[in-house]
Structures are given as structure tokens and as C-alpha cells.
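This report refers to the structure that appears directly beneath it.
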Amino acid sequence: MKRRALRDEPLIFERNPGRGRRGGYLLPETGIPPVDPGTVLPAVQLRPALDGLPALGELEVVQHFHRLSQLNFAVDEGLYPLGSCTMKYNPRVCEAAARLTGFTEVHPLQPDDQVQGALRLLWELEEALKTITGLAGVTLQPAAGAHGELTGMLMIRAALQARGEDRQEVLVPDSAHGTNPASATFAGYRAVEIASGSDGTVDLAELDRMMTDRVAAIMLTVPNTLGVFEHRIVEIAELVHSRGGYIYMDGANLNAFVGRALPSAMGADALHINLHKTFSTPHGGGGPGAGPVAVSPDLVPFLPVPRVVRDGNQTFHIVWDDERSIGPMRGFFGNFLILVRAMAFILGMGGEGLREMSETAVLLANLIRHRLQGAYHLEYTAPSLHEVVLDDSLQQEHGVSNVDIAKRLLDLGFHPPTMSFPLIVHGALMIEPTESAAPEEVEAFCDAMLQIAREAEESPDILHEAPVHTPVRRVDEVQAARHPVLRWTPEP
Ligand SMILES: *Cc1c(COP(=O)(O)O)cnc(C)c1O
């Protein structure tokens, strides 16, 4: 790999190049009068000088950022089978749509009649998500999956309060994504873990025992984080509903069944959708994302405001207030341009295309399972949907861990799978190729994994030393956690 080492010089755009320094690009004058920093900041917060910062020319700045962009792995570079994260390709046409000035230059406080196109896009995206989930209402506000979970749980709490009920617990299976118990806690509930049965799905007898009148909801991931479908979901929903609880469905894994099954038919009351997974908008590095929530008719009155409504003349309006609403969860309509990308993706794929998408995602995950099972241990053997969770127990016999396997994959040109999650699989390697990977690339990944399994038996030192071809080799994780270096300090 022909990557160059990072030069650790920071950047400055120098107005008056002096002392042999180079000048860079100057921002145009804004016409806004300069403010004396001393009048707005206390003296202790003012830096007296910027001595020690080097100055660079424009080309060097471009080169610096280009080099930085090559120091990480990207979907645009190769297979990124990070299980549960659905790292799919973001078609460039979606980027083009999100850059249209009609979308980038609107303001959320413009009068409704000037932003009909933007409002229509929001309304139509809600309609598309209603069709995809079979549910009755959608909010586009949440900025992430976890934020959607909180939004959904707050709506459930509001509905229970409206019924005059005070329930305190939320059931969360032990295979759940960590955000589930966190969101339940944030919404004011006590998260209570419910153990999975031997096939990795919820144990109905256990649920029957735990589903008391203290339980507000169960948070279920479908398919769950093992990539296994909760095949008794309808019975689970009937049991929970019959005792006055709600079904919160974590829909982050929607890629497994879009176009083939409806969460509404499974009994979902609230479900978040990760647009930045299933609907291909870019993610990584913490955002921005979008985690819309779809809800059953029971929860519709509690949806956040503002909302977009359409009147009989096909004109769109914003409703800012609604007495029963849980209120705004984010400024205006969330990350609008992420929503534009998702809409472009949905329109580009069409209904048939989305159905084919989930079929292909499941097929490719099963190709991986078929090729790697045996060389890697598979703890839960129920049929896999969009991802497969293997583990390192066979390699552990040779002193090789999932970390070693992941590092070696980097050398071989692939992003590692998700590791050590779900917690119920020790040494987990959770692999999700997504439908956008070319079958040849998936086969090449399997070849690499099989090579690593052979190396674990024959020459495990190669694995302990990996990665050797990346810009940064194995980092000292203990040192990084205990003594993080979070800012650049000029050399004296
Ligand atoms: C990704 C994911 C989430 C959280 O989504 P964010 O957008 O990262 O907050 C929740 N549940 C599951 C199953 C996920 O895969």
C-alpha cells in the first residue's frame, strides 16, 4: 500500500507572511466590523500569541488534508463489513441531490409558501417510511438511531401517562445494542435484562414471567444483533400488548427485510430507522445521521413538533404546536440534507429495488457464512439474515484472538468486522457485507479470512504482529486510554 506517513504539522493561513513563512489563501473581507476580543472574552481565556505554528501554502494544505483522508479506511476504498453498522455505498447521485441549492439555501423559518419543495420532500419521505414500515405516523427529527430510541420511549411514556399509568421498567434482551438500555434509562425507566434462549431469540417463558404491570415496554431488535429473526415476534407482541405494554422495535437492522415484511404486522408500536444505515446516507465519525421513528396509531398524537401537514389543495404547512406532542426533539426537522439523500436513494431504488436490496444483503451474508463456517466457530446456528456472527474460539486454541484477526484483515485490504459484540458471543466477529458489496469482493474477503485461519494454525506470529502495512501500526490502547493526547502543542 502506498500510503505516506502523516506529518504532524498543523495549519495556519497567514495574512502577512514574514520571517520566511509562506502565505496561504485569505478569506474575503466580510464587511462585518472586527470585534476586539478583549471586549467579549475574559483575559485568562485569550491566547496572547500563536507562536510556534508553522505557515503553509495552499498546495501544502490540500496535500495535508488529502493525506489525512488516506490514513483511514473507507467504504469507497474496499469492503467494510462492520456488522450492525450497515456500511453501504452512498451513491453519488444522492450527493448531487443534497447539493442542489434549492435544498442547501433554504431556511427553516422561511414562510411556508417559499419552501413548498422542501416541505413536500419531508412529507413524501414520511409517507415512504410509512409504506416501508406499515405504521401510521413518522417523525424525521431524531439525529441518530439512539436519539430515535429516546424519542420513541418518550412517546411510549407520554401514552402511558395519558392512560394514567405509571410503569417503571423496560425489558431489554441481553443481545441488544448498548444504546437500548441507555435510551430506556434516559427516558426515565429502569432497564431490566431478559436472557436469550439457546437459539439466541427471546425466551417466551422468561418473558411471561417478567412481563408484569410494572413493565412499560420491551425493546426488541429485529432481526436481533445475531442476525437472527425473532421468529416468535407475533406471540411476543401479543403477550406484551395483553399486559398493557408496548413493543419498541429497534429497526437499525431493517436492511434485512425491507420490502419483504412489515414491522406493523409484527406488532411494533414504535420503531426507529437508521437512514444512515439502511438508506445509504453516509455515516461514521459520529454523524450527522438521521433516525426517524415510525409509530402505531396509538402513539401518533405524541409525535414531536414541528410537523409537516398537507391540506386539501396539496399545499404543505408546518404545525408548530400540538398539546399532546412530546415537543421538539431537535431543531426544526433534524438533519435535512441527510433526509434529502435518503429520499434520493429510496426514489432511485423504487419499491422493487428496495426488495431486491434486502434479498441481496441476506444472500451475501449467507455466502460469507457458507464459506467461513467450519474455519471459524458459529455459536448460534439459526438461519442468518443480513449478518453472521462468528467467533475466535477455534483460533484461540493457537493463541490468536479476534483483535489479531481484525488487524491482519487491515493488512489484507479489508475493514475488520464488528468485534466483541454482541456480548453474548465471546470473541465475536460480526460480519455484515451489505448488498452494495460486489460478490467478487465478498469472495476475496472470505479468501482473506480463510488465509488468516490457516495462518493462525501455521504461523500465528504474523497475526500477532499485524498490521504492518497501515500508516499506524498496533496502538497501545492502555496508553491511549490513560494518557490521551487531545491537542497539539507547539515545540518550544
Ligand atoms: C447502529 C445501531 C443503533 C444506534 O444507532 P446510532 O445511529 O449509532 O445512534 C441502535 N441499535 C442497533 C441494533 C444498531 O445497529
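None of the figures in this text is laboratory data; all of them are computed from the coordinates on show. Worth saying up front: this structure is predicted, and the values here are computed from it rather than measured. Every residue, glycine among them, receives a Cβ derived from its backbone with ideal geometry; neighbour counts consider all protein chains shown.
Descriptive notes on the structure:
- Dividing the convex hull volume of the alpha-carbon atoms in the chain by its residue count gives 202 Å³ per residue.
- Here the chain carries DSSP beta bridges of which approximately 55% are antiparallel, counting only pairs with both residues inside.
- Mean Cα-pair separation over length for the range 236-378, i.e. relative contact order, pairs under 8 Å, 6 or more apart, %: 23
- The chain - percent relative contact order, Cα under 8 Å, separation 6 or more: 19
- The H on the amide N of GLU435, modeled in the peptide plane, is under 5 Å from the matching H of ALA361, each at least 5 residues off or on a different chain.
- For the chain, the membrane-span-like helices by this rule, meaning whole DSSP H stretches whose C-alpha atoms cover at least 24 Å of axis and whose Kyte-Doolittle mean is 0.0 or above, are 116-133, 145-162, 336-372; this says nothing about an actual membrane.
- For the peptides 98-111, 338-351, residues were scored by their other Cβ atoms within 10 Å and the scores averaged per peptide; the highest-first order is 338-351, 98-111.
- Packing, taken as the mean count of other beta carbons within 10 Å per residue, orders the peptides 407-416, 308-317, 460-469 from highest to lowest as 407-416, 460-469, 308-317.
- Amide H contacts of ASP391 (H built 1.01 Å from N, under 5 Å, at least 5 apart or other chain): HIS377, GLU379, LEU429
- Applied to the range 288-302, the Karplus parametrisation 6.51 cos²θ - 1.76 cosθ + 1.60 on θ = phi - 60° returns per-residue 3J(HN,Hα) values of x, x, 7, x, x, 10, 9, 9, 6, x, 4, 9, 3, x, 9 Hz, with x for Gly and Pro.
- Share, in percent, of DSSP beta bridges within the range 173-297 that are antiparallel, nearest 5: 30
- Ranked by the mean number of other Cβ atoms within 10 Å of their residues, highest first, the peptides 43-51, 142-150, 323-331 fall in the order 142-150, 323-331, 43-51.
- Each Cα pair under 8 Å and six or more residues apart adds its separation to the average, and for the range 65-203 the resulting relative contact order is 13 percent.
- Each Lys and Arg Cβ is given +1 and each Asp and Glu Cβ -1; about its Cα centre, the range 92-348 then shows a dipole of about 520 debye.
- Around the amide H of TYR246, modelled in the peptide plane, lie the amide H atoms of ALA217, ILE218, all under 5 Å away and 5 or more residues distant in sequence or on another chain.
- With θ taken as phi - 60° and the Karplus curve 6.51 cos²θ - 1.76 cosθ + 1.60 applied, the whole-hertz 3J(HN,Hα) list for the range 415-427 is 6, x, x, 5, 10, 6, 9, x, 5, 6, 10, 6, x Hz, x standing for glycine and proline.
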